[in-house]
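Take a look at the structure below.
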Amino acid sequence: MSTLELDVSLERPGFTLAVRHTQPLEGITALFGPSGSGKTTLLRVLAGLERARGRVTFDGNLWQDDRHWVPAHRRGIGYVFQDGRLFPHLTVRDNLVFAAQRAAQRAPARTIRLDAAVAALDLAALLARRPGSLSGGEQQRVAIARALLTTPRLLLMDEPLSSLDVGRKREILPLIEELPRTFGVPVLYVTHNVDEVARLASRALLLAAGRIAAHGTVTEVFERLDLESYTGGLEAGAVLRARVVEQRDGLATLAVGAQRLRVPMGDAPPGALRPLRIHARDVAIATERPRQLSIRNVLTATILRIDGAASGNVDLLLDVDGEHLRSRITRDACDELGLETGQNVFALIKSVALESTLLG
Amino acid sequence: MTAFELGPVALSLKLAAVTVIVLLVLATPLAWWLAFTRSRSRTIVEAIVALPLVLPPTVLGFYLLVLLGPAGAIGRLWVQLTDHTLTFSFAGLVVASVIYSFPFTVQPLQAAFESVGRAPLEAAATLGAAPLDAFLRVASPLALRGYVSAVVLSFAHTLGEFGVVLMVGGNIPDRTKVISIAVYEHVETLEYAQAHMLAAGLLAFSFVVLLSVYALNRRMPLVKT
């Protein structure tokens, strides 16, 4: 487990970044928030590409304070830019060698091997090509491998998938997911896409208007009912941590606790974790198990909390075998059903809702 | 027909070559600074660099003569160091040519560095490359086209100068008598055949150099993106 300690501030016309936070880093940590919230700026401050006032330490190494400044090339970080930034005058192989050579000079004992990175990101067929002839997805795979070959102590990724279509995202997401385990490097992953957070991250930091609005495990951050007011258009939804049981004919059976969900899903190896983010408005409530209904996914749940929401609605926080789910229904419906905290109910989830939120 | 004069030709080529080398060393850091600085003094420096483009060569030559002469600040220092005067010497010509051709090196390099931009340098830094390493392995190759333009333009411009050379260097065979001066002298003394030989040679040489650079640029882009 690595630790990042931050106490930084940065002024720009019409924008102030002010972050004071200590973040444990293990696996993939998502840094997310709406556009313009300062995610990329904060990542650039960490990398040493942007100068902010204040102090940054990583695992006890001082990266900057009022009197010290470690430049980007000595921080031991890997950085995957949104636009890849491969060197156009070098082949894919030479782009990778560029990183590997310098890592070998810096820390010869613990370098990540070129062939390991090539294998992990499936680049063998691309090595002789020039970046200009690669597709967007291929470029990002090369960029990720190149960042890995610096043998970073921390891998920073700035929306690496934002310029790709959904098909390409599906190809690359599983590769990114494996990085921390395969190479033993913690990842800080910037995105404005909540589904990517749900799919990849174990911890999350929500940045809003240059400040940290929420942090914790992804489950904790996503079930915060007050999230919407922080994030504007970004709608909060709870995350169900589901595991693949079997997959047949494009439908996967997922286990949530002891219960089962059937979800349309292409690539779903049994045993894989597939966190589902489910919008509160896509979850309906019944006090009896419904019959003769088109909705197939019904979970038994316990009401943990009932909160008032805007315009005649209420938000319910539900417990499903230890996992949390949210439901937004009208106040009238809540009163009519006589719902109260601690009551056992049935949560009805539209399959279409599941399909549209899934990235894997 | 008279024999081809090698002296002025050799001197011109030597002057242009030495000037270009000195220019690349001096102009690269300045062009780099101009391309990436956020300093307000950038505009002033850009204007100063461009001055030789608009000044009559005689004005430039006059001030250089004052500055480089034995009584001038630089000239006096030079005499103390070398026991020779800087004016009317090859070294003086190099100094004058460097100043005269400065914008022809700085401007293409600055444009090339600006078009390379910060992005590849940031990428290089995150890959563990120190600034000089990033400059040599990333920025320079990406700015290669700018370097080719700078070298060709400065070389050709130095070959073609006349007024500054005449004022600072005079007309001393094998020391300061370059092609353009020799042509002028031949015309003054009505030796049109000799004048033709040098003038046509310079014309053909310049045309061939420019033609090959443009052709090379068109057929083989230096960097595919």
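None of the figures in this text is laboratory data; all of them are computed from the coordinates on show. Remember, it's a predicted structure, so these values are computed and weren't measured experimentally. A quick note on method: Cβ atoms are made from the backbone with ideal geometry, for glycine too, and the neighbour counts reach across all protein chains shown.
See the values below:
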read-out	value
Long-range HN-HN contacts of A:LYS350 with modeled amide H, under 5 Å	A:ALA284
Nitroxide proxy distance, nm - points 7 Å out along Cα→Cβ at A:SER35 and A:ALA119	4.1
With Cα atoms, 0 to 90° folded angle of helix A:166-183 axis to chain A main axis	70
From phi via Karplus (6.51, -1.76, 1.60), per-residue ³J(HN,Hα) for segment A:146-155 in Hz, x at Gly/Pro	5, 5, 5, 6, 6, 6, x, 7, 8, 9
Inter-centroid distance (Cα atoms) of segment A:10-30 relative to segment B:144-200, Å	62
Under 5 Å, built H, 5+ apart or other chain: amide partners of A:THR3	A:LEU25, A:ASP59
Nonlocal amide H pairs with A:GLY216, under 5 Å, H built at 1.01 Å	A:ALA204
When the convex hull of its Cα atoms is projected in every direction, mean area for segment B:77-120 (nm²)	4.6
Calculated FRET value between B:VAL66 and B:ALA119, using beta carbons and R₀ = 45 Å, to 0.05	0.50
Helix B:90-116 vs. chain B, principal-axis angle (Cα, 0 to 90°, nearest 10)	30
Theoretical FRET efficiency, 1/(1+(r/R0)^6), r = Cβ-Cβ of B:LEU132 and B:HIS196, R0 45 Å, to 0.05	0.35
Karplus (6.51, -1.76, 1.60) ³J(HN,Hα), θ = phi - 60°, over segment B:11-24, in Hz, Gly and Pro reported as x	5, 4, 5, 5, 4, 5, 5, 4, 4, 4, 5, 4, 4, 4
Distance from segment A:141-187 to segment B:28-101 (C-alpha centre basis), Å	52
Within a Gaussian network of chain A (alpha carbon springs, distance under 10 Å), most fluctuating of A:SER202, A:SER311, A:SER35	A:SER311
Nearest 10 degrees, 0 to 90: helix A:92-106 Cα axis against chain A principal axis	70
Positive-end residue of A:LEU123, A:GLY60, A:THR91, charge dipole of segment A:43-152 with Cβ unit charges	A:GLY60
Extension reserve of the B:ALA73-B:VAL59 stretch, reckoned as 0.36 nm per residue once the Cα distance is removed	3.2 nm
DSSP beta bridge pairing in the protein assembly as shown, given as percent antiparallel to the nearest 5	80
Principal axes of the protein assembly as shown: Cα extent on each, largest first, Å	116, 49, 48
Distribution of pairwise C-alpha distances over segment B:1-101, 5 Å bins, in %	2, 11, 16, 17, 20, 15, 10, 5, 2, 1, 1, 0, 0
Segment A:GLU26-A:GLU288, extension gain: residue separation times 0.36 nm, minus the distance between their alpha carbons	90.1 nm
Trypsin sites (Lys or Arg not before Pro) restricted to DSSP loop in segment B:75-182 with at most 10 other C-beta within 10 Å	none
Rounded FRET efficiency, nearest 0.05, which uses the C-beta distance separating A:ALA107 from A:GLU220 and R0 of 35 Å	0.50
Stokes-Einstein D in µm²/s, Kirkwood radius over Cα pairs - chain B at 4 °C with 1.567 mPa s viscosity	67
Rg to Rh, two decimals, where segment A:134-227 supplies the alpha carbon set and Rh follows Kirkwood	0.98
Whole-percent pair-distance distribution, where bins are 10 Å wide, for the alpha carbons of segment A:2-102	13, 41, 32, 14, 0
Alpha carbon convex hull of segment A:63-139, projected area averaged over orientations, nm²	6.4
Potential extension, A:THR91-A:ARG53 segment - 0.36 nm per residue separation minus Cα distance	9.8 nm
Ellipsoid equivalent to segment A:27-186 - semi-axes via the Cα gyration tensor, in Å	25, 19, 14
Whether segment A:126-177 is rounded, prolate or oblate, judged on the alpha carbon gyration tensor where a/c under 1.5 counts as rounded	oblate
Dmax and Rg, reported as Rg then Dmax, of segment A:302-351 (C-alpha, Å)	10.5, 31
Segment A:1-58 shape via C-alpha gyration tensor axes, a/c threshold 1.5	oblate
Expected 222 nm ellipticity per residue - DSSP helices of 4 or more, -39500 (n - 2.57), all of chain A, to 500	-7500 deg cm²/dmol
Taking A:ASP321, A:ASP332, A:ASP315 and counting other C-beta atoms within 10 Å, the order from fewest to most	A:ASP332, A:ASP321, A:ASP315
Phi-based couplings in Hz for segment A:205-213 (Karplus 6.51, -1.76, 1.60; Gly and Pro marked x)	10, 9, 9, 9, 6, x, 10, 7, 9
